[in-house]
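Please find one structure pasted underneath; my questions will follow.
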């Protein structure tokens, strides 16, 4: 299924480019003509000429911008992508050791995690089976294999027995 917003719009681009190359030069010519008329005569013979020229220039520029947008964006992406890759690689090379230390620290803190009681929210030491504060169980023990499972487990991680 082709997405309508990903189509190339060749007709629309051709129309925009054509209109842009018609409006812009005509508008520029009329603006130059009005400036020459103003500076040579002191009072312009055609005072409305700039009010026709400027909108034509604007329409021409906007049409050209939209007509050539894909080509301009491709050029910009081709110019900036290698720079972004170089910057990213430089930053990674310079920070790799610190990132590794941070990840190692997080991993070790996760492996030595404390257990938070689901009933009262008090932090208990690793390996605790009952809460130090309220006495509620912190783990579920499988009746079949005696494996300790997390408090919110439904099935045993070792044998698959349903935990009640």
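All of the numbers you see were taken from the coordinates with simple rules; none came from a lab. These numbers come from a predicted model, not from an experiment. FYI the Cβ positions are ideal-geometry reconstructions off the backbone, even for glycines, and counts take in every protein chain you see.
Which of the following residues is touching a helix residue (DSSP H, G or I) at 6+ places or on another chain (Cβ under 8 Å) and outside any helix (DSSP H, G or I): 55, 25, 50, 44?
44
Next question, about the same structure. What about residue 23, is it closer than 30 Å to residue 10 by Cβ and surrounded by 13 or more Cβ atoms within 10 Å (Cβ to Cβ)?
yes
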